[in-house]
1. Taking the beta-carbon count within 10 Å as an exposure proxy, list 37, 11 from fewest neighbours to most.
2. Need the list of aspartates and glutamates near residue 94 for cross-linking: C-alpha distance under 18 angstrom, and skip anything on the same chain fewer than eight residues off.
3. Going by a ≥ b ≥ c, the root eigenvalues of the Cα gyration tensor, does segment 10-108 fall in the rounded group (a/c under 1.5), the prolate group (a/b larger than b/c) or the oblate group?
4. Go through segment 94-103 residue by residue and turn each phi into a ³J(HN,Hα) via Karplus (6.51, -1.76, 1.60, θ = phi - 60°); whole Hz please, and just put x for glycine and proline.
5. Between residue 78 and residue 52, take the C-beta separation as r, use R0 = 30 Å, and let me know the FRET efficiency to the nearest 0.05.
6. Which of 54, 26 comes first, and how do the rest follow, when ranked by fewest Cβ neighbours within 10 Å?
7. Can you tell me which lysines have their Cα less than 20 Å from the Cα of residue 97? Leave out same-chain residues fewer than eight positions away.
8. Roughly how many debye, to the nearest 20, is the charge dipole of the chain about its Cα centre, given +1 on each Lys and Arg Cβ, -1 on each Asp and Glu Cβ, and no other charges?
Amino acid sequence: MSENTSITIKVVNSDEQQSPPTQEEIEAKLRQEGYEVYCWTDLPGVVYPRHKHIEDQCIWIIEGELEFQVGEQLYNLHAGDRIYLPSNIAHMVKTPKLTSATYVVGKKH
């Protein structure tokens, strides 16, 4: 059974001319978009093997970087960047071996 690869993943890159938003600004924006939010930190080298969530998610990087893989597509996110993942889309996430990552997770059912 093949996975539906026609799902659109939305990535919003930060404006490099401005400093990234604060955790409070990120949380407020995601709440306005209807998400429940929490902050999370991963140590260097953490890997989350391919998995799915039952809810839509937005991951917004506060500091550090994360690498997402959805199908064959790689997304490298840095402070201020965010990715919107629809529910039930399989993905893998990892932090670089030398960098931790702090980010806000938004969940919406």
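Derivation of every value follows stated rules applied to the coordinates shown; laboratory data play no part. Quick caveat, the model's predicted, so the values are computed rather than measured. Virtual Cβ from ideal backbone geometry, glycine too; neighbours counted across all protein chains shown.
1. Lowest to highest Cβ neighbour count: 11, 37.
2. Of all the aspartates and glutamates, those that pass the test against residue 94 - Cα under 18 Å, at least 8 places apart if same chain - are 42, 63, 65, 67, 72, 81.
3. Oblate, because a/c is 1.5 or more while a/b does not exceed b/c.
4. 3J(HN,Hα) across segment 94-103, in whole Hz: 8, 9, x, 5, 10, 10, 7, 9, 10, 8.
5. 0.75
6. In increasing order of surrounding Cβ atoms, one gets 54, 26.
7. Cα-Cα hits under 20 Å: none found.
8. Computed charge dipole of the chain: roughly 340 debye.
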